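Chemist: Mind having a look at this structure? Questions to follow.
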Amino acid sequence: MKLLSDFFPLIFFFGTFKLYGLYGDPADAIYAATAVGIVASMIQVGFFWHKNNRVETVHIITLVIITVFGGLTLFLHDDTFIKWKPTIINWIFTVILLGSQLLGKKPAIQYVMGSQLQLPGHVWQRLNLAWGIFFLLVGTLNLYVAFWYRLDLDFATRQALWVDFKVFGLLGLTLVFAVGQAFFLARHMNPETLKDKT
């Protein structure tokens, strides 16, 4: 259920883009999808607050950025802003992770996962660094696909390619990287590594 709610705005963004492209004006599909994505993000935050009496930081960051960049996209009728959104979110995570490694008492990822895992300090550092670099790279890759990939194609086709990449490419890369990190962590885990939560 939580997994579905986490991807709720993305599912509605993608579905609206594809349906509007089929039954509406394909040139306006990105704007319809952006508007739906903003509303879906608001519903997501409201639902999570109603159910848990709190809101996760990542939901707030996503809501603020999609509202600002999505709002600019709709107001100026320019999809450049919504295409920057995944990059901005990923780069914010990079700044938080790498900044905590340089300036904090412990890496940010330890604050997030430390209640479930007990790992040596150097492992937390490596894990934090790996995710920081990953977010930097995928944010950069998003810009490449959005603005420079397959310039020989018409604008509508390139826009559809970017939407597919945003939904499946970024998600797939994150999943593959997470699995790789799980194998890395498995080398440092033992029965005492998992904190007893009973």
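Here, each number is a calculation from the coordinates, and none is a lab measurement. In this text, all values refer to a predicted model and were calculated from it rather than measured experimentally. Here the Cβ is made from the backbone with ideal geometry for all residues, glycine too, and neighbour counts use every protein chain on show.
Chemist: Putting +1 on Lys and Arg Cβ atoms and -1 on Asp and Glu Cβ atoms, find which of G121, W148, L76 reaches farthest to the positive end of the dipole of region 51-198.
Modeler: With unit charges placed on the Cβ atoms, the residue in question is G121.
Chemist: With a cut-off of 8 Å between alpha carbons and a minimum separation of six or more residues, what is the relative contact order of region 1-78 in percent? List each step's numbers first, then the result.
Modeler: Values: 65 pairs, mean separation 22.6, N = 78.
So the answer I get is 29 percent.
Chemist: For each pair in K51/K166; K85/K166; K18/K83, compute the distance between the two Cα atoms and list the pairs where it is over 22 Å. Could you put the intermediate results ahead of the total?
Modeler: Details: K51/K166 28 Å; K85/K166 10 Å; K18/K83 16 Å.
Correct reply: K51/K166.
Chemist: Which label marks the calculated value of percent of Cα pairs over 24 Å apart, given the options (1) 48; (2) 61; (3) 53?
Modeler: Checked against the structure: label (1).
Chemist: Something else about it: Among Q159, Q118, Q44, which one shows the highest mean-square fluctuation when the chain is modelled as a Gaussian network with alpha-carbon springs under 10 Å?
Modeler: It is Q118.
Chemist: Would you mind checking the tilt of helix 80-103 against the longest principal axis of the Cα atoms of the chain, expressed as 0 to 90 degrees and rounded to 10?
Modeler: Helix 80-103 sits roughly 10 degrees off the main axis of the chain.
Chemist: Here's a follow-up. To the nearest 10 degrees, how steep is helix 8-23 against the longest Cα principal axis of the chain, on a 0 to 90 scale?
Modeler: Long axis of 8-23 versus the principal axis of the chain: about 20 degrees.
Chemist: With +1 on each Lys and Arg Cβ and -1 on each Asp and Glu Cβ, and nothing else charged, work out how big the dipole of the chain is about its Cα centre, in Debye to the nearest 20. List each step's numbers first, then the result.
Modeler: Values: 15 positive and 11 negative charges, 155 e Å.
That gives a dipole near 740 debye.
Chemist: If you filter region 52-143 for trypsin sites (Lys or Arg not before Pro), then keep DSSP loop positions with at most 11 other Cβ within 10 Å, what is left?
Modeler: Details: sites: R54, K83, K105, R126; in loops: R54, K105.
Counting only loop positions with at most 11 other Cβ atoms within 10 Å, the trypsin sites (Lys or Arg not before Pro) in region 52-143 are R54, K105.
Chemist: Here is a further query. Whole-Hz Karplus ³J(HN,Hα) for region 144-149, in order, using 6.51 cos²θ - 1.76 cosθ + 1.60 and θ = phi - 60°, x for Gly and Pro?
Modeler: 3J(HN,Hα) across region 144-149, in whole Hz: 4, 5, 5, 10, 10, 7.
Chemist: Also: With a cut-off of 8 Å between alpha carbons and a minimum separation of six or more residues, what is the relative contact order of the chain in percent? Present the calculation step by step, with values, prior to reporting the outcome.
Modeler: On the way: 176 pairs, mean separation 33.7, N = 198.
Contact order relative to length: 17 percent.
Chemist: In deg cm²/dmol and to the nearest 500, what is the mean residue ellipticity at 222 nm of the chain if only DSSP H runs of at least 4 residues count, each as -39500 (n - 2.57), divided by the residue total?
Modeler: On the way: 9 runs with 149 residues, N = 198.
It comes out at -25000 deg cm²/dmol, rounded to the nearest 500.
Chemist: Right, another one. For a quick check, take a GNM of the chain with Cα springs below 10 Å and name the residue from N53, N90, N128 with the largest mean-square fluctuation.
Modeler: Looking only at N53, N90, N128, the biggest GNM fluctuation is shown by N53.
Chemist: Sticking with this one: Relative to the first principal axis of the alpha-carbon coordinates of the chain, what is the inclination of helix 155-164, with its axis defined by its Cα atoms, in degrees from 0 to 90 and to the nearest 10?
Modeler: Its long axis makes an angle of about 30 degrees.
Chemist: Select from L22, L63, L129 the residue whose mean-square fluctuation is largest in a Gaussian network model of the chain (Cα-Cα springs shorter than 10 Å).
Modeler: L22
Chemist: Mind jotting down the distance between the C-alpha centroids of region 129-153 and region 1-54, whole Å?
Modeler: Spelled out, the Cα-based centre of one part sits 22 Å from the other.
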